[in-house]
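Quick notes on the structure that follows.
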């Protein structure tokens with residue numbers, strides 16, 4: 001918790017009273033000082049238009065056969081307990097437990113043939129587009145970190161990359177996206193992950209005194225102003241000014257405070273369950289709303305992790321609880337983006353790290369199945385109302401148009417105005433690295 005106490009009189013131009021204190025809960029910044037986190041290299045400039053991506057990760061590997069690829073002709077031990085329903089796109093069917101999405105299928109594209117899952121219980125591949133193995137020194141950067149590096153921030157008061165994943169028992173599911181070899185300057189801003197401090201107050205720094213930059217710098221206990229001979233600290237004053245902008249502006253705080261939303265709109269998103277489930281995460285419906293508020297405020301990439309989908313037992317009981325919540329939160333987000341005219345600029349992707357076994361086990365669950373999984377894409381000015389790829393009769397192998405994670409990432413980069421065939425980022429050795437794996441290009445079906 002970051003708390004800056006204010007004096008008793010006066011108001012700022014944005015209407016925030018000086019006697020109020022600015023409190024931003026748990027604004028963890030990758031373990032580094034705020035100015036360092038907000039450092040954004042502008043070597044390639046900031047795009048003229050504000051494109052953005054919301055990445056929704058379903059921790060644990062959701063059951064593709066019970067969501068968007070039901071197999072009614074398979075034997076009962078594979079078919080499962082759910083029935084398909086029609087959508088507003090003729091010929092496309094999805095699970096009966098997502099009726100709201102069925103009415104909006106013309107705004108979505110389903111990929112039924114994700115085929116290169118690396119099999120790890122980890123959000124890494126869904127955040128980077130690459131398998132965890134064979135990483136360069138420093139590690140592969142996530143999508144949000146790469147966009148932060150290439151395009152910088154839209155607004156100095158709002159980080160380019162925000163990660164909303166809450167703490168979980170299995171923290172590999174709670175990844176919001178590491179910066180890898182791009183460095184901590186491009187780590188996600190993480191309002192839900194503190195560093196063990198319940199409350200941190202800038203030492204004696206009120207909002208009056210915060211205007212003094214020297215006082216601001218001395219208030220950061222962990223901030224080091226060492227200047228080395230490498231030149232990496234060049235421009236330090238500008239980076240600190242960005243930190244100052246975040247702390248003194250109410251824009252980020254307002255975006256994160258979903259209680260400020262119109263109650264009628266907030267009600268669409270519904271209420272979830274804040275409790276963690278075993279090793280997984282809570283069902284935070286407000287994160288769908290916060291994601292929209294953040295991209296509208298200026299964030300370029302927001303990552304969300306929703307609930308827990310690792311159902312080795314009682315798969316259908318768990319899905320009866322979670323699918324309607326995902327249905328409500330996702331469709332509320334898509335409708336909200338469209339009503340605000342953001343659907344052409346904001347891309348949404350929903351997926352998990354792998355699929356589930358075709359055969360239902362003795363505990364009425366499905367086990368890990370990395371051979372194939374599903375994804376859903378929406379917004380971004382892409383062509384929607386379609387299904388891409390297909391699996392066999394049992395839902396175990398991709399039979400048409402196998403899709404790689406890198407192809408989806410290439411498409412998302414393209415929607416951000418970044419040409420993956422030309423743009424590179426330098427790794428720690430100075431070697432230029434392409435943004436996606438060789439052979440991965442934007443998906444022609446979508447653009």
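The values are calculated or read from the model by the stated rules, or taken from the named source; none is laboratory data. Everything quoted here is computed from the prediction, not taken from an experiment. Cβ sites come from the backbone with ideal geometry, for glycine too, and all protein chains shown count toward neighbours.
Please verify whether region 298-308 includes one or more residues that are more than 15 Å from the chain's Cα centre (by Cα) and under 30 Å from residue 368 (Cβ atoms). Spell out how you get there, then give the answer.
At the first step, the residues of region 298-308 found to be more than 15 Å from the chain's Cα centre (by Cα) are 308.
Imposing the further condition that a residue be under 30 Å from residue 368 (Cβ atoms) reduces the set to 308.
Yes, that holds for at least one residue.
Determine the pairs where a residue that is without any contact (Cβ under 8 Å) to a residue 40 or more places away in the chain, located within region 96-116, has a partner that is part of a strand (DSSP E or B) and surrounded by fewer than 21 Cβ atoms within 10 Å (Cβ to Cβ) with Cβ atoms under 8 Å apart, the partner being 6 or more residues away or on another chain.
That search, which allows pairs on different chains as well, returns 96/84; 96/85; 102/85; 102/86.
Just the residues that are more than 27 Å from the chain's Cα centre (by Cα) and either loosely packed, with under 13 Cβ neighbours inside 10 Å or not in a loop (DSSP other than H, G, I, E, B) (or both), please, taken from region 89-106.
Once the filter is applied, which keeps residues that are more than 27 Å from the chain's Cα centre (by Cα) and either loosely packed, with under 13 Cβ neighbours inside 10 Å or not in a loop (DSSP other than H, G, I, E, B) (or both), region 89-106 yields 90, 91.
Taking helices (runs of 4 or more DSSP H) that do not extend beyond region 204-306, which have at least 3 residues that are at pLDDT 85 or above, touching a strand residue (DSSP E or B) at 6+ places or on another chain (Cβ under 9 Å) and crowded, with 18+ Cβ neighbours inside 10 Å?
Details: elements: 207-210, 213-219, 236-248, 251-256, 263-269, 286-297.
Because the criterion is at least 3 residues that are at pLDDT 85 or above, touching a strand residue (DSSP E or B) at 6+ places or on another chain (Cβ under 9 Å) and crowded, with 18+ Cβ neighbours inside 10 Å, the helices (runs of 4 or more DSSP H) in region 204-306 that meet it are 251-256, 286-297.
Being touching a helix residue (DSSP H, G or I) at 6+ places or on another chain (Cβ under 7 Å), surrounded by fewer than 21 Cβ atoms within 10 Å (Cβ to Cβ) and not in a loop (DSSP other than H, G, I, E, B) is the filter here, so list the residues in region 53-85 that pass it.
The answer is 85, and nothing else.
Only one of 385, 395, 379, 417 is at positive phi, touching a strand residue (DSSP E or B) at 6+ places or on another chain (Cβ under 6 Å) and modelled with pLDDT of 95 or more. Can you tell me which? Lay out the reasoning, then the answer.
On the way: 385 fails: touching a strand residue (DSSP E or B) at 6+ places or on another chain (Cβ under 6 Å); 395 fails: touching a strand residue (DSSP E or B) at 6+ places or on another chain (Cβ under 6 Å); 417 fails: touching a strand residue (DSSP E or B) at 6+ places or on another chain (Cβ under 6 Å).
When all the criteria are applied, what remains is 379.
How many residues are closer than 24 Å to residue 184 by Cα and more than 21 Å from the chain's Cα centre (by Cα) when one looks only at region 426-441? Reasoning before the result, please.
Taking region 426-441 first, the residues closer than 24 Å to residue 184 by Cα are 426-437.
After this cut, where a residue has to be more than 21 Å from the chain's Cα centre (by Cα) as well, the list is 426-434.
Residues in region 426-441 being closer than 24 Å to residue 184 by Cα and more than 21 Å from the chain's Cα centre (by Cα): 9 in total.
Return the total of residues in region 150-163 being in a helix (DSSP H, G or I) and surrounded by fewer than 24 Cβ atoms within 10 Å (Cβ to Cβ).
Kept after step one, since they are in a helix (DSSP H, G or I), are these residues of region 150-163: 150-151.
Among the residues that remain, those that are also surrounded by fewer than 24 Cβ atoms within 10 Å (Cβ to Cβ) are: 151.
Total satisfying the criteria: 1.
I need the full set of residues from region 322-375 which are in contact (Cβ under 8 Å) with a residue 12 or more places away in the chain, part of a loop (DSSP other than H, G, I, E, B) and closer than 19 Å to residue 291 by Cα, in order please.
As a first pass, look at region 322-375 and keep what is in contact (Cβ under 8 Å) with a residue 12 or more places away in the chain: 322-338, 340, 342-361, 363-375.
Filter again for part of a loop (DSSP other than H, G, I, E, B), leaving 340, 342-345, 352-354, 357-361, 363-367, 370-372.
Matches in region 322-375: 340, 342, 343, 344, 345, 352.
Could you give every pair whose Cβ atoms fall below 9 Å, whose first residue belongs to region 168-187 and is closer than 13 Å to residue 278 by Cα, and whose second residue is modelled with pLDDT under 85 and in a helix (DSSP H, G or I), counting only separations of at least 6 or pairs across chains?
That search, which allows pairs on different chains as well, returns 168/174.
Would you check if there is a residue in region 158-169 being closer than 30 Å to residue 362 by Cα and out of contact with any strand residue (DSSP E or B) (no Cβ under 9 Å at 6 or more places or on another chain)?
Within region 158-169, the subset closer than 30 Å to residue 362 by Cα is 168-169.
With the extra rule that they be out of contact with any strand residue (DSSP E or B) (no Cβ under 9 Å at 6 or more places or on another chain), the set shrinks to 169.
Looking through region 158-169, at least one residue is closer than 30 Å to residue 362 by Cα and out of contact with any strand residue (DSSP E or B) (no Cβ under 9 Å at 6 or more places or on another chain).
Grab the strands (runs of 3 or more DSSP E) fully contained in region 376-447, keeping just those with 1 or more residues being closer than 19 Å to residue 352 by Cβ.
Working: elements: 386-388, 398-400, 424-426, 432-434.
Once the strands (runs of 3 or more DSSP E) in region 376-447 are filtered for at least 1 residues that are closer than 19 Å to residue 352 by Cβ, what remains is 386-388, 398-400.
Being surrounded by fewer than 23 Cβ atoms within 10 Å (Cβ to Cβ) and under 21 Å from residue 153 (Cα atoms) narrows it down to one of 344, 314, so name that one.
On the way: 314 fails: under 21 Å from residue 153 (Cα atoms).
Being surrounded by fewer than 23 Cβ atoms within 10 Å (Cβ to Cβ) and under 21 Å from residue 153 (Cα atoms) holds for just one of 344, 314, which is 344.
Scan region 128-135 and tell me whether some residue there is outside any loop (DSSP other than H, G, I, E, B), within 12 Å of the chain's Cα centre (by Cα) and in contact (Cβ under 8 Å) with a residue 40 or more places away in the chain. So that I can check it myself, show each step before the final result.
Of region 128-135, the ones outside any loop (DSSP other than H, G, I, E, B) are 128.
Narrowing the set further to residues that are within 12 Å of the chain's Cα centre (by Cα) leaves 128.
Restricting the remaining residues to those that are in contact (Cβ under 8 Å) with a residue 40 or more places away in the chain gives 128.
Within region 128-135 (the criterion being outside any loop (DSSP other than H, G, I, E, B), within 12 Å of the chain's Cα centre (by Cα) and in contact (Cβ under 8 Å) with a residue 40 or more places away in the chain), the answer is yes, since at least one residue qualifies.
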